[in-house]
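Visitor: Here it is, the structure in full.
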Amino acid sequence: TKDAALFEKVRQVGAKLLWLHTYAQRFVPKGKQRGRVPKGAAKCTKAVPGEREGYPDKYEYSDATKTLHVGAGEFAPVTQEVYEFEVSGLKVVQSWLGYRMKNPKGKKSSPLDEINPETWPSEFTTELLELLWVLEATIAEYPAQAELLSTVVKGPCFEADELPSVPDFAREPPPRSRGKLFERAADTDS
């Protein structure tokens, strides 16, 4: 957009998304605490058992009750949009859960891949809730983002030929360290 005030609104929306998607670590808005994900509607309504025999080996979602079942544990309300949220074809919640089941999904490339928790730690419950809350907040922003995009598209926008060309030096990849990373780090520590 050529409208500076509108550009600033778009920038603010982008900063809010970065704040959410970095779990409140970056672009922290004034009045917010770093690392504090805004609480959403989802709650742990039935704890995932902490005993070895209660470690979940499956999860499922009920759209009728808006409940995410993780083994014997339950999280609600979880909307279908949150459960099905995807980025480039990756279903975020389902992927997160798949890697934390009793028999985790994913490639096995090392014996270290066989080292997994034997019980469901409480940190997993906290992390899952934070993930659900981040996705809730992300989806809640969609209507305002669509309206903002429509405003940008309807207004005056820069054409490609109006923008400066990218200089050749800016097209070059950054230099690679040739195995001297630790030598440079040691130089700066002294």
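The values are calculated or read from the model by the stated rules, or taken from the named source; none is laboratory data. Here the structure is a predicted model, which means the values were calculated and not measured. Ideal geometry is used to build each Cβ from the backbone, glycine not excepted, and the neighbour counts take in all protein chains shown. The area values use the complete protein model at the heavy-atom level, side chains included, leaving out ligands, DNA and RNA. Shrake-Rupley method; radii C 1.70, N 1.55, O 1.52, S 1.80 Å.
Visitor: Within region 63-78, is even one residue over 16 Å from residue 125 (Cα atoms) and either touching a residue at least 12 places away in the same chain (Cβ under 8 Å) or surrounded by 16 or more Cβ atoms within 10 Å (Cβ to Cβ) (or both)?
Guide: There is at least one residue in region 63-78 that is over 16 Å from residue 125 (Cα atoms) and either touching a residue at least 12 places away in the same chain (Cβ under 8 Å) or surrounded by 16 or more Cβ atoms within 10 Å (Cβ to Cβ) (or both).
Visitor: Please enumerate the residues belonging to region 50-61 that are surrounded by 14 or more Cβ atoms within 10 Å (Cβ to Cβ) and within 25 Å of residue 136 (Cα to Cα).
Guide: Residues satisfying the conditions are 56, 59, 61.
Visitor: Among 175, 156, which is free of Cβ contacts under 8 Å to residues at least 24 places away in the same chain and either in a helix (DSSP H, G or I) or more than 23 Å from residue 19 (Cβ to Cβ) (or both)?
Guide: None of the others qualify; the one that does is 175.
Visitor: From the set of residues in region 1-38 that are open to solvent by 90 Å² or more (accessible area, probe 1.4 Å) and in contact (Cβ under 8 Å) with a residue 12 or more places away in the chain, which is farthest from residue 135 (Cα to Cα)?
Guide: It comes out as 2.
Visitor: Further question on the same structure: List the strands (runs of 3 or more DSSP E) inside region 50-153, counting only whole elements, that have at least 3 residues being modelled with pLDDT of 95 or more and among the basic types (Lys, Arg).
Guide: Details: elements: 59-62, 67-70, 73-76.
Passing ranges: none, list empty.
Visitor: Still on this structure, I have one more. Could you list, in sequence order, all residues of region 1-49 that are among the basic types (Lys, Arg) and part of a loop (DSSP other than H, G, I, E, B)?
Guide: Going residue by residue through region 1-49, those that are among the basic types (Lys, Arg) are 2, 9, 11, 16, 26, 30, 32, 34, 36, 39, 43, 46.
Passing the criteria: 2, 26, 30, 32, 34, 36, 39.
Visitor: Suppose the filter is open to solvent by less than 70 Å² (accessible area, probe 1.4 Å), small (Gly, Ala, Ser) and closer than 30 Å to residue 43 by Cβ; does residue 155 pass it?
Guide: no
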